[in-house]
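Novice: My questions all concern the structure below.
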Amino acid sequence: MFTLTVPSISATSGHNADGIIRGFISQSLFTGVVNNFEFSDELWAICRDTSTGSYIFLDRSTEAKSGVTDSFLPWGDDSTFSGTDSFYLASDNTVTEIRVTVTTPGVWVGTGLEVYDSTDGITANRLLGSIVDGTDGFRNPAGTYSITWATPGTPGVAFSPVPGDIASRPWVMVKPVGYVSKTTSPKLSFAFVFHSAASEPYTDKTAEYNEALTNGTFGSLPNVLYFVDANQIMTFPGIPTGMDLTVHRKVAASSRDGVMEYLADNNTWKTLTGANDPSNWFKNGPTTLGDPTQEFSVRWPTPADWTSKTLVLPLEVGGTLTLTGWHFRYRATSVAAIGPIAQPLIRARGRALGAGLAGGVYHYTGEGKTYHGVIFEAGVPSLSDVVIQVMNITTGLAAEFTVPSATLSSAALTPDHLDLSTPLVVNDGDSILITWVSGGSLQDVELVLQ
């Protein structure tokens, strides 16, 4: 048995008021912090005008990226817009989504729009299916909208709208459908293109996150565009148990939602269950840089299959970045803010096990033990469930248990103990660490590992 008596178990318990009941985990710098959110991707835009009776291709790349009201005319101006007009967008990688900012809605009679790519490397010959057009053919009121389609089983290939004059790229072509008549040509200020997260290069944010927590100087940072499956990877130097965040400016509450994941020993990203994140992944905190900062402690139960891995990631500036350690990511599963928004301004520190990073209670019983459960007594019960983690710092193995709300003693439970989430092996001479993970608080507590 291993018995522990503590005055309280809560988010602020322990010697350093950080929820670590016995032992310590020091703050550590991140080995790496990267994300593949869009900042300002390369974009080429070509408009095909048929008003003269022949095809005229016009380079409108500058106008499509300008942000100037009514600067980008995808299907020509009011006098030239016709049902045979089209425009082409491309970037370095296959386009999977288009977003546009409409400044003057089009007024025209017709069905909507279609999007094509190429499978023959010669023309835009494939109509993409399941199109979801938030613009209604650029006729919806001024605002930013998304145009998406089902990802084909076979990726499109590069082609040139005008061989010899226009570079061969993985272009997509957008054209009106069912055109009958027009009054006003649609006019835009921006066009953005997105790719799959697998091909989107990363931006290195390591230095920014590892700066002093109190450093409020961030310089001029661009707005970001989130997309589904865009992710931020944080690499820890040891087995991670959480992180400490200082939020200098939060992200808009209507920006994106997502899931926390870790890179498991089988090289797959798995959901990190049981995490307690009071920051709501940067949605909480000050609205304006310069307002008082807010600090948040993010904690989670550590999975047994989380191990050190090496990732080689492509960078937005060119080349690659190699990161070795324990990898965590926040992946966007839905995006509410379609247009550019101010990115959150964060300083952070990891909480990870490793030499010089953590210490615990010396386990001296004369032999190794395998613990399966816990019995407990509490002088003051919690108003809500309390999740507690027990860790073998020496091996990195961990298990957790949950003390139910309004329960003074395990003797009141059926059965009269709490099972650990997994058996915990502790050898003679190993060190044990006990930490609060989430939930309420207990006072005057005795824990007995059995």
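The values are calculated or read from the model by the stated rules, or taken from the named source; none is laboratory data. No experiment lies behind these values; they were computed from the predicted model shown. Glycine gets a Cβ as well: all are built from the backbone with ideal geometry, and neighbour counts include every protein chain shown.
Novice: Looking at Thr271, Thr235, which one is surrounded by fewer than 18 Cβ atoms within 10 Å (Cβ to Cβ), among the polar types (S, T, N, Q) and modelled with pLDDT of 95 or more?
Specialist: Working: Thr235 fails: surrounded by fewer than 18 Cβ atoms within 10 Å (Cβ to Cβ).
Unique residue meeting the criteria: Thr271.
Novice: Do you know which residues across the stretch 288-301 are within 20 Å of the chain's Cα centre (by Cα) and part of a loop (DSSP other than H, G, I, E, B)?
Specialist: Correct list: Trp300, Pro301.
Novice: Can you tell me which residue within the stretch 70-87, out of those that are closer than 25 Å to Val109 by Cβ and under 34 Å from the mean Cα position of the chain (by Cα), is surrounded by the fewest Cβ atoms within 10 Å (Cβ to Cβ)?
Specialist: So, considering only residues that are closer than 25 Å to Val109 by Cβ and under 34 Å from the mean Cα position of the chain (by Cα), the one surrounded by the fewest Cβ atoms within 10 Å (Cβ to Cβ) is Asp70.
Novice: Next question, about the same structure. Inside the stretch 224-256, can you point out the residues that are aliphatic (A, V, I, L, M) and outside any strand (DSSP E or B)?
Specialist: Val228, Ala230, Val251, Ala252, Ala253
Novice: If the requirement is being outside the structural domain of Gly274 (by TED's automatic domain parsing), in contact with a helix residue (DSSP H, G or I) (Cβ under 9 Å, 6 or more places away or on another chain) and either under 15 Å from Leu4 (Cβ atoms) or at pLDDT below 95 (or both), which of these qualifies: Val390, Val403?
Specialist: Answer to the selection: Val403.
Residue-wise test of (1) within 21 Å of Thr422 (Cβ to Cβ); (2) of a type in the set (Ser, Thr, Tyr); (3) touching a Cys at 6+ places or on another chain (Cβ under 7 Å); (4) assigned to a loop (DSSP other than H, G, I, E, B).
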residue	(1), (2), (3), (4)
Glu367	yes, no, no, yes
His372	yes, no, no, no
Ile375	yes, no, no, no
Ser384	no, yes, no, yes
Val390	yes, no, no, no
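Novice: Checking the structure you have, find out if any residue of the stretch 96-114 is within 30 Å of the chain's Cα centre (by Cα), at pLDDT below 95 and assigned to a loop (DSSP other than H, G, I, E, B).
Specialist: Within the stretch 96-114, one or more residues are within 30 Å of the chain's Cα centre (by Cα), at pLDDT below 95 and assigned to a loop (DSSP other than H, G, I, E, B).
Novice: Which residue out of Lys283, Lys270 is part of a loop (DSSP other than H, G, I, E, B) and either within 19 Å of Met243 (Cα to Cα) or under 17 Å from the mean Cα position of the chain (by Cα) (or both)?
Specialist: Sole residue among the options that is part of a loop (DSSP other than H, G, I, E, B) and either within 19 Å of Met243 (Cα to Cα) or under 17 Å from the mean Cα position of the chain (by Cα) (or both): Lys283.
Novice: If you don't mind, there's one more thing I want to ask. For the stretch 405-421, how many residues are within 26 Å of Asn392 (Cα to Cα) and surrounded by 15 or more Cβ atoms within 10 Å (Cβ to Cβ)?
Specialist: 5
Novice: Sticking with this one: Quick one: in the stretch 150-161, of everything that is out of contact with any Ser or Thr (no Cβ under 6 Å at 6 or more places or on another chain) and within 21 Å of Ala191 (Cβ to Cβ), which residue is surrounded by the most Cβ atoms within 10 Å (Cβ to Cβ)?
Specialist: Pro161
Novice: Glu38 - would you say it is touching a Leu at 6+ places or on another chain (Cβ under 9 Å) and not aliphatic (A, V, I, L, M)?
Specialist: Yes; evaluated as a whole, the condition is true for this residue.
To keep it simple, each residue is scored yes or no on (1) of a type in the set (S, T, N, Q); (2) out of contact with any strand residue (DSSP E or B) (no Cβ under 7 Å at 6 or more places or on another chain); (3) over 30 Å from Val247 (Cβ atoms).
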| site | (1), (2), (3) |
| --- | --- |
| Gly339 | no, no, no |
| Leu357 | no, no, no |
| Lys369 | no, no, yes |
| Ser382 | yes, no, no |
| Asp385 | no, no, no |
| Asn392 | yes, no, yes |
| Glu400 | no, no, no |
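Novice: Still on this model: Could you check how many residues of the stretch 119-140 are of a type in the set (Gly, Ala, Ser), in contact with a strand residue (DSSP E or B) (Cβ under 6 Å, 6 or more places away or on another chain) and more than 18 Å from Asp85 (Cα to Cα)? Give the steps one after another, and end with the answer.
Specialist: Keep residues of the stretch 119-140 that are of a type in the set (Gly, Ala, Ser), which gives 121, 124, 129-130, 134, 137.
Subsequent filtering for residues that are in contact with a strand residue (DSSP E or B) (Cβ under 6 Å, 6 or more places away or on another chain) retains 121, 124, 134, 137.
Next, from what is left, pick out any that are more than 18 Å from Asp85 (Cα to Cα): 121, 134.
The total comes to 2.
Novice: I've got another one for you. Just the residues that are under 23 Å from the mean Cα position of the chain (by Cα) and part of a loop (DSSP other than H, G, I, E, B), please, taken from the stretch 186-211.
Specialist: Listed by number, the residues that qualify are His195, Ser196, Ala197, Ala198, Ser199, Glu200, Pro201, Lys205, Glu211.
Novice: Mind checking which pairs have a first residue in the stretch 392-409 that is charged (D, E, K, R) and a second that is part of a loop (DSSP other than H, G, I, E, B), Cβ under 9 Å, 6 or more apart or different chains?
Specialist: From the stretch 392-409, the pairs are Glu400/Gly274; Glu400/Pro301; Glu400/Thr302.
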